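Asks: First, the structure itself, so that you have it in front of you.
The values are calculated or read from the model by the stated rules, or taken from the named source; none is laboratory data. Just so we're clear, the structure is a prediction, and the values are computed from it rather than from any experiment. Cβ atoms come from the backbone with ideal geometry, glycine included; neighbour counts cover every protein chain shown. For the accessible areas, the whole protein counts, side chains as well, though only heavy atoms, and no ligand, DNA or RNA atoms are used. Shrake-Rupley method; radii C 1.70, N 1.55, O 1.52, S 1.80 Å.
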Amino acid sequence: MAERARRRGAPGGCGGLPQAARLAVEPAVQARLLVRSAECSAQAAQHQDAARTLAELDGLDVTGDLLNDHALPRFQGLMWRGQLAEAQNVLTEAAEDVRLRDPLQAVLY
């Protein structure tokens, strides 16, 4: 339901995503749901909620590829929380991880 609400432009309908993420067993599923939840919060101009949700990514044991997929939302969350050095580190590490297999993505980071 949350995904349908988001597609229709109703980001406030995504309230169940954080709870779904916390109930998910696999870290990769948790991470995807947390990022979707943060995106919904950001679209609804609830930046503090988005930042708190993205902070939960820091404790997940996920692969580097998955973290690179979510590097930009994690960067935004850190920026919203005022953690500028950590935000820069997220992008620097993501760029380093992908630089050999995807130089363009590394430059974007």
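Asks: Taking the options P18, P103, P27, name whichever one is at pLDDT 75 or above and loosely packed, with under 15 Cβ neighbours inside 10 Å.
Replies: The match here is P103.
Asks: I've got another one for you. Condition first: modelled with pLDDT of 80 or more, open to solvent by less than 80 Å² (accessible area, probe 1.4 Å) and under 20 Å from A28 (Cβ atoms). Can you find one or more residues in the stretch 59-73 that meet it?
Replies: No.
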